[in-house]
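Worksheet: one structure, shown below.
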Amino acid sequence: MTSAPVITSLLDTDLYKFTMWQAMLHRFPQTQAEYSFHSRRPGVYPLAELKDEVERELDHLCGLSFRADELAWLGAWRFIKSDFIDFLRIFRFQRDFITVRAVGSELEIVARGPQVHVMAFEIFVLAIVNELYFRRFPAAPAQAEGRRRLAAKIEQLREFEREPPRRHPFEMFDFGLRRRWSGAWQREVVDALRRELPQFFKGTSNVLLAKDLGLVPIGTMAHEYLQSFQALDVRLRDSQRAALESWVQEYRGDLGIALTDVIGMDAFLADFDLYFAKLFDGLRHDSGDPVVWGEKALAHYEKLRIDAHTKRLVFSDGLDIATALQLYRHFADRTQLGFGIGTHLSNDMGQKQLHIVMKLTRVNDQPVAKLSDSPGKTMCDDQTFLAYLRQVFGVKPPTP
């Protein structure tokens, strides 16, 4: 019996894919790029066994196109431009731009071609591999456990609601698409949170679910956007500032949360001067100690004499409900906050999880890198470039 396809709509991806996609289409449509799939926990499962199924899912993905109602919904958002909608109207993934190989027990998946034609593969590939993996196991006990845990999370937040109010409200979002247990399960979770906790649950990064469930789509930029500028026509030292400036010119006040950990928080703040600090609404944390990061952000705003109550810190690194509440209690009287919770919402089923990524590794045949604030999250296929990047930005290599 043939299973239903994992992906049935091209809206079933994260909002920041569309926002970065539009920015790159308008400013650097000729850029060539390479994205590589990687398992951060090799050996959890012989992913090579999924190769044939992944190939079939990609064949199906490349046959999809955006529907008229989907484009009408996207085009209604003021930050999405009409020419981008025209581009999406004729867009199809090209199968020649993505390859799948079995290398030992692991999968090698590489998307290579014009960046505006390959950058959107990432989220779909991760959702496909993850769901195919979990289809290997009995569904009923996992769903029963997932529902039990979801009910406990809802009760945990209802209990939290009895605490004395703080200056800024607790707001959380679903960021769980890329490592979800299944598309149907993510929909069930998001719908339950929408119904049961509207006072806390404010949106999802999943554009399809936002459309179908009447939620706000959440997202601005990811690492690949800032990484791309490391190989574009600017000095490497100026790459972060050039990326932020290009974003400001593209969105002119919309989508104002900047990601800080492409070269590390300290290097980011060195570039995030008064101009950017006033133009951007806030910052997103995705690696390193979140309390240390938040304190650095607030100190930076104070040094620039910016009222932190007018800004927002968004936390999105491996959060669970307990950690989000702990961070909220620490910062809620000093600044606005948001919590993007991923796997803990979309894949907390009592089963062993994969930890897979698909990252930008080369642009215009030059290496690019992410210098994470967390050990194990740095990703680059060229150690010479990685060392040079550290030197240029004054980032010390990690202590062995």
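Which of ALA152, LEU244, HIS330 sits farthest toward the positive end of the charge dipole of region 143-346, with +1 on the Cβ of Lys and Arg and -1 on the Cβ of Asp and Glu?
Farthest along the dipole direction, towards plus: ALA152.
Taking the Cα centre of region 270-400 as origin, work out the dipole magnitude from +1 charges on Lys and Arg Cβ and -1 charges on Asp and Glu Cβ, in debye rounded to 20.
Working: 16 positive and 16 negative charges, 22 e Å.
Value, rounded to 20: 100 debye.
Taking 0.36 nm per residue of sequence separation and subtracting the Cα-Cα distance, how much length would be gained by fully extending the chain between ARG136 and SER39, in nm to one decimal? Provide the component values of the computation, followed by the final result.
Working: separation 97, 0.36 × 97 = 34.92 nm, distance 1.80 nm.
Using 0.36 nm per residue and subtracting the Cα-Cα distance, I get 33.1 nm.
Between LEU236 and ALA184, what length comes free when the chain is fully extended (0.36 nm per residue of separation minus the Cα-Cα distance, one decimal in nm)?
On the way: separation 52, 0.36 × 52 = 18.72 nm, distance 4.28 nm.
That works out to 14.4 nm of additional length.
Which residues' amide hydrogens lie under 5 Å from the amide hydrogen of GLY113, considering only partners 5 or more residues apart or on another chain, with H built in the peptide plane?
So GLY113 has HN proximity to ALA33.
Which loop-located GluC sites (Glu not before Pro) does region 137-239 contain, where loop means any DSSP state but H, G, I, E or B and the Cβ has at most 14 other Cβ atoms within 10 Å?
In loop regions of region 137-239 (DSSP not H, G, I, E or B), the sparsely surrounded GluC sites (Glu not before Pro) are GLU161.
May I ask you to compute the full-extension gain from TYR275 to GLN383, defined as 0.36 nm times their residue separation minus their alpha-carbon distance, rounded to one decimal in nm? Provide the component values of the computation, followed by the final result.
Numbers: separation 108, 0.36 × 108 = 38.88 nm, distance 3.33 nm.
Once the chain is fully extended between TYR275 and GLN383, it gains 35.5 nm.
Return the aspartates and glutamates within reach of LYS17: Cα separation strictly under 16 angstrom, same-chain partners fewer than 8 residues apart disregarded; answer none if there are no such residues.
GLU34, GLU70, GLU122, ASP174, GLU224, GLU250, ASP254
Quick one: P(r) of region 316-390 from all Cα-Cα pairs, 5 Å bins, percents rounded to integers, in order of increasing distance.
3, 12, 16, 15, 15, 13, 13, 10, 2, 0
Work out how far the C-alpha atoms of region 97-256 reach from end to end along every principal axis, then list the three figures in whole Å, largest first.
The Cα atoms of region 97-256 stretch 53, 49, 27 Å along the principal axes, largest first.
Just add up the charged neighbours of ARG237: K/R +1, D/E -1, any other residue whose Cβ is under 13 Å from the Cβ of ARG237.
Working: positive: ARG235, ARG241, ARG390; negative: ASP238, ASP271.
Around ARG237, the charge tally is +1.
What is the log10 of I(q)/I(0) for the chain, computed with the Debye formula using one identical point scatterer on each Cα and no solvent, at q = 0.10 Å⁻¹?
These q points yield log10 I(q)/I(0) values of -0.66.
For GLU106, what residues show an amide H to amide H distance below 5 Å, using hydrogens built from the backbone and excluding near sequence neighbours?
ALA48
Send over the per residue convex hull volume for region 143-346, Cα only, as a whole number of Å³. List each step's numbers first, then the result.
Numbers: hull volume 24.6 nm³, N = 204.
Cα convex hull per residue, to the nearest whole number: 121 Å³.
Report, in debye and to the nearest 20, how large the dipole of the chain comes out about its Cα centre when Lys and Arg carry +1 and Asp and Glu carry -1 on their Cβ.
On the way: 52 positive and 53 negative charges, 99 e Å.
That gives the chain a dipole magnitude of about 480 debye.
How high is the FRET efficiency between SER105 and ASP307 when r is their beta carbon distance and R₀ equals 56 Å, given to the nearest 0.05? Display every interim value, and only then the final one.
Details: r = 54 Å, r/R0 = 0.96.
Working from the Cβ atoms, E equals 0.55.
Which residue, chosen from ALA297, MET221, PRO46, occupies the Cα position most advanced towards the positive end of the dipole of the chain, where the dipole is computed from +1 (Lys, Arg) and -1 (Asp, Glu) charges on Cβ about the Cα centre?
ALA297
If I take every Cα pair under 8 Å that is 6 or more residues apart in the chain, average their sequence separation and divide by the length, what percent do I get for the relative contact order? Write out the running numbers ahead of the final one.
Values: 665 pairs, mean separation 91.7, N = 400.
Dividing the mean separation by the residue count of the chain yields 23 percent.
Rule-based calculations on the coordinates, nothing more; no lab input. Only a predicted model underlies this, so the values are computations on that prediction, with no experimental measurement involved. Heads up, the Cβs are rebuilt from the backbone with ideal geometry, glycines too, and the neighbour counts pull from every protein chain shown.
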